[in-house]
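Asks: My questions will all concern the structure given below.
Derivation of every value follows stated rules applied to the coordinates shown; laboratory data play no part. Note that the structure is a prediction, hence the values are computed from the model and not measured. Every residue, glycine among them, receives a Cβ derived from its backbone with ideal geometry; neighbour counts consider all protein chains shown.
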Amino acid sequence: KNIAIFASGAGSNAQKIIDHFRGSQSVSVKLILCNKPGAGVLNIAASENIPSILIEKEPFFHSDHYVQMLQQAEIDLVVLAGFLWKVPSNLVAAYPDKIINIHPALLPKFGGKGMYGNFVHEAVIAAGEKQSGITIHYVNDKYDDGRIILQETCDITENDTPATLAGKVHALEHRFYPAIVERLLS
Ligand code: GRF
């Protein structure tokens, strides 16, 4: 089974997924696609010898260029790991229930465009939430809206800051995302 990872940032989730399937006979991370030149995830791809593609906005949103690329690579599952663009409907249509995302909060609250990075954790703390966590969900053509696959929670204490909460949420991401990817591919 072949995975394509879409990421925009540091790629810590991509790294954990790559580590999880290292040496696997049945699953491989075949492609890494990124929309940000110089993003950390591109360095991870290089050091892991995984082909990476820098996505151009125009063809991504107005052509089948990348859909064809994924199909030619015989990708079975598209994994968004900190990918900040909305997935265009032609890609969603080409991979029904085959595109998943991880959101660093408990959807349906605290989701949608712009809700990423520490901004999410600031909003969750400002709202006085006692818990936060992760949501792994199928991707449709709305932000953070598809069917939920898994949610895991962490507590928020009064001395938590957006940074300390981000640390707790990242730990959940790294612990659960690779296992969910494996389960979906088995
Ligand atoms: C994570 O917080 C993830 O939940 C969100 O974007 C961030 C990606 O971080 N979708 P990284 O690039 O995997 O370190």
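Asks: If you plug each phi of the range 176-186 into the Karplus form 6.51 cos²θ - 1.76 cosθ + 1.60 with θ = phi - 60°, what whole-Hz ³J(HN,Hα) values come out, in order, with x for Gly and Pro?
Replies: Calculated HN-Hα couplings, in order: 10, 5, x, 5, 5, 4, 4, 4, 5, 8, 8 Hz.
Asks: Sticking with this one: Please list, ordered by chain and number, the residues whose modelled amide H lies under 5 Å from the amide H of Leu84; skip anything fewer than 5 residues away on the same chain.
Replies: Under 5 Å from the amide H of Leu84 lie the amide H atoms of Ser8, each far enough along the sequence or on another chain.
Asks: Ok, one more. Please compute P(r) over all alpha-carbon pairs of the range 1-53, binned at 5 Å starting from zero, and give each bin as a whole-number percent.
Replies: Reading upward from the zero bin: 5, 24, 36, 23, 9, 3, 0.
Asks: Over what distance in Å are the Cα centres of the range 1-53 and the range 57-136 separated?
Replies: 16 Å
Asks: In Å³ and rounded to a whole number, note down the convex hull volume per residue for the Cα atoms of the range 91-181.
Replies: About 83 Å³ per residue, rounded to a whole number.
Asks: Moving on. Who wins for biggest fluctuation among Asn35, Asn159, Asn13 in a Gaussian network model of the chain, springs between alpha carbons below 10 Å?
Replies: Maximum fluctuation in the GNM of the chain, among the listed residues, is at Asn159.
Asks: I need the phi-derived Karplus couplings for the range 4-11: 6.51 cos²θ - 1.76 cosθ + 1.60, θ = phi - 60°, integer Hz, Gly and Pro marked x.
Replies: Running phi through 6.51 cos²θ - 1.76 cosθ + 1.60 with θ = phi - 60° gives 10, 9, 9, 8, 10, x, 5, x Hz.
Asks: Relative contact order for the chain using alpha-carbon pairs under 8 Å, separation at least 6, rounded to a whole percent?
Replies: Here the relative contact order equals 20 percent.
Asks: Here's a follow-up. What does the convex hull of the Cα atoms come to per residue for the chain, in Å³?
Replies: 106 Å³
Asks: Just to be sure I understand the model, the point goes 7 Å from the Cα along the line to the Cβ. What's the resulting Ser28 to Asn49 distance in nm?
Replies: 1.0 nm
Asks: Could I ask something else about it? Work out the length of the dipole vector of the chain about its Cα centre, built from +1 on the beta-carbon of each Lys and Arg and -1 on the beta-carbon of each Asp and Glu, and round it to the nearest 20 debye.
Replies: Taking the Cα centre of the chain as origin, the dipole is about 140 debye.
Asks: Could you derive backbone 3J(HN,Hα) for the range 88-96 from the dihedral phi with the Karplus parameters 6.51, -1.76 and 1.60 (θ = phi - 60°), listing whole Hz in sequence and x where the residue is Gly or Pro?
Replies: x, 5, 5, 6, 4, 5, 6, 10, x
Asks: Using modelled amide H (1.01 Å from N, peptide plane; none on Pro or chain starts), what sits under 5 Å from the amide H of Asn140, excluding residues fewer than 5 places away?
Replies: Under 5 Å from the amide H of Asn140: Asp145, Gly146.
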